[in-house]
Amino acid sequence: MNTQPIVDPLGDEPVTEQFRPVPRPATLEGLRLGVLDNGKPNAAHVVATAGAGLRRRFGVAEVMPAGKAVASRPAPDEVLTGFRGFDAAIVGVGD
Amino acid sequence: MLVCTKPFLPLATAIARQEGYEALPVVTLPHPIGGREPGDLDEAVLGVVDGIAALLLADPASDVDRAGSTERTALHDAPTDPSAFLEFAGAQGWGDGLPLIPPTAGLVDAAVLATGLDPDLDLGPVPPDHRGATVRAVAANAVMAGCTPVLLPVVIAAVRAALQPELNLQGLTTTTHPVTPLVIVHGSVVDELGFNAGPNTLGQGNRANATVGRALRLVLQHIGGARPGETDRATHGSPGKYSYCMAERADSPLETLHTRRGGGPGGAVTLVGGEGPHNVNDHGSTDGPGLLRNIAGTMATLGCNNVYLRSEMLLVLSPEHAATLVADGFDRESVAAHLHEHARVDVRGISAGNLERFRRISPHLFDAVPDDGLVPMLDRPEDLLVVVAGGPGKHSVVVPTFGATRAVTVDVERS
């Protein structure tokens, strides 16, 4: 089969700085858990239910709701800042 | 950690990678979450609580090591036979399903040369994969789409516009909504490069319109990694996702979009995150208010995002409809003001579930309105973009937008 060189159409690989996760807690007992309602229908219910289950079964001290109105826009700065006060967090993607 | 419905897992992974942590722990739930009674979800959610706890406590995984795999091959050895090339491209995950021109080094070099730019210049990261849109890669996609070299400055302008934050390309390319960036070409570049602003401007038959729109789509799909059914989560998509490009008539009797948007002497493009066009058939109205009544009714449609996410809508007036309005003393501002006033949806048509959601997302409108009230489609007259295009005939079109987006205009720079 005859071939010819062609230019790759995919562009440069991203130069994203690798995120460094903090060490995980040894237990969930007594922790503050942030749960993000991303604005999708029922998202608040899903993360609140998951948070309630974690409190009941694993002793999470407080489930702290956070939210943004529209899933297709980034969370406002004040919401992101609020996440700094949580020990762990759950966010969602879906529909 | 992330909770994700199963079909959205590829998108979740792409977003995590975007943030530099591809190994972000994910628990999946059955799809869908929306459109169901909240209590019906509890069993599934409580069923993954143990898994969530385990991932919250597990040592953070080392991120996916992409060292050594981040260098892309600059050149591929591809078959010269057209059918074999299509097979090859398909195997790479390239293409929109239509035939592609092989981006040979010679064709791409000519395309790069026509931009007057350094081939290694990176126009910016294209979401969701955030690969960099180098001029060389954009040119390769334009060649694949069938662009002639002279069209490259328009493609470059469209890519620059697509990457402006106001357009919200991340949202446009990953949503379930049937949206895609509409490229409106305006100013001197329309006639000079042979764009069609006349009959069938939104349709087939003109190489400039067809290939510039297609080039942008291939950039989003190849460089951005907006893969249908994976990271591009569109429920149905839109025919405009093959190509969505039109041009403004220079003989517009209303203030042109080019003037309104401050386009430069070499022409410009305006990108609008739009749905498909919705027809306004009006053969009967002989005066401005009558015609605007029909347009307002077409704009006031409950299923579109503008109802609750707001932002802009686009009105593409035919020359004959524009002439009717001008003959009755209307100009662009008064058209927009009239439609802001009269394009309203009846709240009684909105379901209780949607109304609760709309009140939460757009309280400035929905909190104060009574259950039998009317809600304007536009927050301000300035949120209506007006352009005159198309050929003879008594049809105009309305293009609702994604809502979480704003139009962006970028000048075409030709050396």
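The values are calculated or read from the model by the stated rules, or taken from the named source; none is laboratory data. Just so we're clear, the structure is a prediction, and the values are computed from it rather than from any experiment. Cβ coordinates were reconstructed from backbone atoms using ideal geometry, including for glycine residues, and neighbour counts include every protein chain displayed. Heads up: the accessible areas ignore ligands, DNA and RNA and are worked out on the full protein's heavy atoms, side chains in. Shrake-Rupley method; radii C 1.70, N 1.55, O 1.52, S 1.80 Å.
Looking at this structure, is B:Ala323 more than 26 Å from A:Gly67 (Cα to Cα) and open to solvent by less than 10 Å² (accessible area, probe 1.4 Å)?
Considered against the rule, which asks whether it is more than 26 Å from A:Gly67 (Cα to Cα) and open to solvent by less than 10 Å² (accessible area, probe 1.4 Å), B:Ala323 comes out as no.
Please go through the range B:290-300 and pick out each residue that is of a type outside the set (S, T, N, Q), open to solvent by less than 60 Å² (accessible area, probe 1.4 Å) and in a helix (DSSP H, G or I).
As a first pass, look at the range B:290-300 and keep what is of a type outside the set (S, T, N, Q): B:290-293, B:295-297, B:299-300.
Adding the requirement that they be open to solvent by less than 60 Å² (accessible area, probe 1.4 Å) leaves B:290-292, B:295-297, B:299-300.
Matches in the range B:290-300: B:Gly290, B:Leu291, B:Leu292, B:Ile295, B:Ala296, B:Gly297, B:Met299.
Which residue out of B:Thr175, B:Thr231 is open to solvent by 10 Å² or more (accessible area, probe 1.4 Å) and within 27 Å of A:Gly94 (Cα to Cα)? Step through it out loud before you land on a result.
Values: B:Thr231 fails: open to solvent by 10 Å² or more (accessible area, probe 1.4 Å).
On inspection, the qualifying residue turns out to be B:Thr175.
Look through the range B:24-47, keep the residues that are over 35 Å from the mean Cα position of the chain (by Cα) and more than 7 Å from chain A (Cβ to nearest Cβ), and return whichever of them is most open to solvent (accessible area, probe 1.4 Å). Spell out the reasoning first.
Within the range B:24-47, the first condition is being over 35 Å from the mean Cα position of the chain (by Cα), and the residues that meet it are B:39, B:42-43, B:46-47.
After this cut, where a residue has to be more than 7 Å from chain A (Cβ to nearest Cβ) as well, the list is B:39, B:43, B:47.
Numbers: B:Gly39: 49, B:Glu43: 163, B:Gly47: 62 Å².
The extreme case among them is B:Glu43.
Out of the range B:124-137, which residues are touching a residue at least 60 places away in the same chain (Cβ under 8 Å) and farther than 20 Å from B:Gly240 by Cβ? Can you show your working first?
Applying the first criterion (touching a residue at least 60 places away in the same chain (Cβ under 8 Å)) to the range B:124-137 yields B:126-133, B:137.
Scanning the range B:124-137 gives B:Asp129, B:His130, B:Arg131, B:Gly132, B:Ala133, B:Ala137.
Taking the condition part of a loop (DSSP other than H, G, I, E, B), surrounded by 20 or more Cβ atoms within 10 Å (Cβ to Cβ) and modelled with pLDDT of 95 or more, does B:His236 pass? Don't jump to the end; show me each part of the working.
Details: part of a loop (DSSP other than H, G, I, E, B): yes; surrounded by 20 or more Cβ atoms within 10 Å (Cβ to Cβ): no; modelled with pLDDT of 95 or more: yes.
Judged against the criteria, B:His236 is not a match.
Name every residue in the range B:364-384 that is closer than 16 Å to B:Ser311 by Cβ and either part of a loop (DSSP other than H, G, I, E, B) or open to solvent by 10 Å² or more (accessible area, probe 1.4 Å) (or both), in order of residue number. Steps first, answer last, please.
Our first condition is that a residue be closer than 16 Å to B:Ser311 by Cβ; within the range B:364-384, this holds for B:364-366, B:375-384.
Listed by number, the residues that qualify are B:His364, B:Leu365, B:Pro376, B:Met377, B:Leu378, B:Asp379, B:Arg380, B:Pro381, B:Glu382.
Quick check on the range B:110-132: of everything there that is within 30 Å of B:Gly229 (Cβ to Cβ) and of a type in the set (Asp, Glu), which residue is nearest to the chain's Cα centre (by Cα)?
My answer is B:Asp129.
(1) farther than 26 Å from B:Thr176 by Cα; (2) open to solvent by less than 40 Å² (accessible area, probe 1.4 Å); (3) within 14 Å of chain A (Cβ to nearest Cβ): which one isn't true of B:Ala389, the others all being true?
Only one criterion in (1) farther than 26 Å from B:Thr176 by Cα; (2) open to solvent by less than 40 Å² (accessible area, probe 1.4 Å); (3) within 14 Å of chain A (Cβ to nearest Cβ) is unmet by B:Ala389, namely (3).
Could you identify the single residue in B:Gly116, B:Gly171 that is farther than 19 Å from A:Pro9 by Cβ and out of contact with any Gly (no Cβ under 9 Å at 6 or more places or on another chain)? Spell out the reasoning first.
Numbers: B:Gly171 fails: out of contact with any Gly (no Cβ under 9 Å at 6 or more places or on another chain).
When all the criteria are applied, what remains is B:Gly116.
Pairs please, first residue from the range B:77-95 and over 19 Å from B:Val219 (Cβ atoms) and exposed (fewer than 12 other Cβ atoms within 10 Å of the Cβ), second anywhere and among the polar types (S, T, N, Q) and modelled with pLDDT of 95 or more, Cβ atoms under 6 Å, 6+ apart in sequence or on different chains.
From the range B:77-95, the pairs are B:Asp77/A:Thr3.
Tell me which residues, restricted to the range A:15-48, are on the phi < 0 side of the Ramachandran plot, at the interface with chain B (Cβ under 9 Å from one of its Cβ atoms) and open to solvent by less than 20 Å² (accessible area, probe 1.4 Å).
A:Leu28, A:Leu33, A:Ala43, A:Val46, A:Val47
Scan the range B:341-353 for residues that are open to solvent by 40 Å² or more (accessible area, probe 1.4 Å), part of a helix (DSSP H, G or I) and in contact (Cβ under 8 Å) with a residue 24 or more places away in the chain and jot them down.
Taking the range B:341-353 and keeping what is open to solvent by 40 Å² or more (accessible area, probe 1.4 Å), we get B:341-342, B:344, B:346, B:348-349, B:351-353.
With part of a helix (DSSP H, G or I) added as a condition, the list becomes B:341-342, B:348-349, B:352-353.
Those that are open to solvent by 40 Å² or more (accessible area, probe 1.4 Å), part of a helix (DSSP H, G or I) and in contact (Cβ under 8 Å) with a residue 24 or more places away in the chain: B:Glu341, B:His342, B:Arg348, B:Gly349.
Can you find a residue in the range B:215-222 that is of a type outside the set (S, T, N, Q) and in a loop (DSSP other than H, G, I, E, B)?
Step one: list which residues in the range B:215-222 are of a type outside the set (S, T, N, Q), which gives B:215-220, B:222.
Cutting the leftovers down to in a loop (DSSP other than H, G, I, E, B) gives us none.
No: zero hits.
Identify the residue in the range B:8-23 that is within 29 Å of the chain's Cα centre (by Cα) and more than 8 Å from chain A (Cβ to nearest Cβ) and, among all such residues, is most open to solvent (accessible area, probe 1.4 Å). Lay out the reasoning, then the answer.
The initial filter retains those residues of the range B:8-23 that are within 29 Å of the chain's Cα centre (by Cα), namely B:8-22.
Remaining after also requiring more than 8 Å from chain A (Cβ to nearest Cβ): B:9-10, B:13-14, B:16, B:22.
Values: B:Leu9: 68, B:Pro10: 51, B:Thr13: 51, B:Ala14: 9, B:Ala16: 9, B:Glu22: 38 Å².
Here the residue is B:Leu9.
Would you mind finding the one in B:Ala336, B:Ala404 that is touching a Pro at 6+ places or on another chain (Cβ under 9 Å), open to solvent by less than 40 Å² (accessible area, probe 1.4 Å), within 30 Å of B:Ser252 (Cβ to Cβ) and of a type in the set (Gly, Ala, Ser)? Don't jump to the end; show me each part of the working.
Values: B:Ala404 fails: touching a Pro at 6+ places or on another chain (Cβ under 9 Å).
After ruling out the rest, the residue left standing is B:Ala336.
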